[in-house]
Every structure is written in structure tokens, then in C-alpha cells.
């Protein structure tokens with residue numbers, strides 16, 4: 001029996017600027033909604049951002065792996081993030097690093113310690129204590145999720161100086177990071193995603209309103 005023909009591989013844009021533009025368009029189209037929403041923090045907002053439809057797609061992951069990796073500190077031994085939002089991100093960045101010849105492991109920070117076995121907070125190949133780890137996040141609002149990950153990593157003996165997020169919602173997360181002695185690097189601000197979504201809706205005559 002003949003095997004099916006191989007599908008062509010994903011063709012990513014060549015330049016970093018083109019990759020950013022492609023990722024921003026995907027976020028505006030698939031991750032953003034405008035309407036009336038209650039956020040995880042309990043706040044009300046006209047903007048909702050859920051990056052998972054992008055970060056759990058093959059093409060989205062390929063773009064994110066490349067662009068997030070550019071923001072990881074050169075001296076970092078690993079990337080880490082709080083489950084669930086950061087799970088695909090740390091994996092994508094570790095793979096992108098390996099494809100480029102760089103050794104960079106991925107760690108997942110649990111929301112609570114494992115209830116059996118070692119009772120670990122961290123999953124993955126642990127670097128030596130004192131190693132630098134970059135924290136990844138999909139969306140930063142107040143910064144609480146990222147700071148929880150940072151706390152566990154620092155308690156485990158690692159150096160954490162930078163948090164890299166896909167989208168900064170511009171609602172106090174940057175200030176919280178600075179107060180904790182952290183640098184926040186954002187691929188995009190909420191205003192970038194919202195403006196791109198509005199422009200796309202205007203161009204097609206559609207609505208960027210809330211999903212059903």
C-alpha cells in the first residue's frame with residue numbers, strides 16, 4: 001500500500017520583523033476579544049486575551065519559540081513558567097534553542113507541590129543551584145502568576161532576573177515586576193493587539209466583539 005504524500009513543512013517568515021507581524025495578526029484574530037469580561041483577578045475589563053488558541057497551534061508555537069528565545073538571557077540555563085499558560089511556551093523555546101545549537105532546558109512550575117513522591121514544585125531537568133532561569137508567561141495582568149513562579153524558583157536556589165511575556169495587559173504587572181527586582185520583557189502590549197484587531201475588523205466589516 002502506498003504511503004500518503006508528505007505535506008510541505010511550515011514556512012515561517014524569514015525576518016524577525018515579519019515573524020512579529022505574523023504573530024501579532026494571529027493574536028489579534030485568534031486570542032483577543034472586545035466586550036465585557038471578568039478577569040481571573042476579579043477585575044472587569046473590555047479586553048480579553050487568551051493566547052492558548054495561538055500557543056497550542058503548530059504555527060503559533062513555531063513563531064513563539066523563535067521570538068521568545070530572542071528575549072531569553074544569554075546566560076540562562078533554562079526557561080520556566082507557571083502551569084498551565086507557560087507549558088507550551090517553555091517547550092517551544094527549549095526546542096527552538098536546540099534547533100539553533102543552544103542548550104536550554106524547560107521547567108514547569110506547579111501551582112502547588114506534588115501531593116506524592118518527592119512533593120516537588122518543579123518539573124523538568126533541574127539546573128545546578130545558582131543557575132540563571134528566565135521565566136515565561138503568556139499574559140501578564142497584575143503579575144501574580146509570574147511572581148509565584150519566580151518565588152518558587154528563587155526558593156529552589158536559582159537566579160531569576162527577567163520575565164518574558166507574550167502580552168502585557170498594562171494593568172500593573174510591570175510595576176509589580178520592578179518592585180520584585182525583575183525586568184519585564186513583552187513581545188506586545190495590549191494596546192498593540194487591540195489596535196490590530198480593530199483594524200482587521202474595520203477592513204473586513206466584521207466585529208471584534210465578544211465570542212459567543
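See the values below:
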{"read-out": "2 or more residues in contact with a helix residue (DSSP H, G or I) (Cβ under 6 Å, 6 or more places away or on another chain) and either modelled with pLDDT of 95 or more or within 21 Å of residue 42 (Cα to Cα) (or both): qualifying helices (runs of 4 or more DSSP H) within region 101-212", "value": "190-204"}
{"read-out": "Selection status of residue 72, part of a strand (DSSP E or B) and touching a helix residue (DSSP H, G or I) at 6+ places or on another chain (Cβ under 9 Å)", "value": "no"}
{"read-out": "Search result, residues across region 53-104 that are surrounded by fewer than 16 Cβ atoms within 10 Å (Cβ to Cβ) and within 24 Å of residue 21 (Cβ to Cβ)", "value": "53, 56, 57, 58, 59, 70, 99, 100"}
{"read-out": "Unique match (being free of Cβ contacts under 8 Å to residues at least 12 places away in the same chain and either farther than 27 Å from residue 192 by Cβ or in contact with a strand residue (DSSP E or B) (Cβ under 8 Å, 6 or more places away or on another chain) (or both)) among 154, 162", "value": "154"}
{"read-out": "Residue satisfying all of: in region 1-46; surrounded by 14 or more Cβ atoms within 10 Å (Cβ to Cβ), at pLDDT below 95 and in contact with a strand residue (DSSP E or B) (Cβ under 8 Å, 6 or more places away or on another chain); farthest from residue 188 (Cα to Cα) among these", "value": "37"}
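The values are calculated or read from the model by the stated rules, or taken from the named source; none is laboratory data. Keep in mind that what you see is a predicted model, and the values were worked out from it rather than measured. Here Cβ is always computed from backbone atoms with ideal geometry, including for glycine, and neighbour counts include all displayed protein chains.
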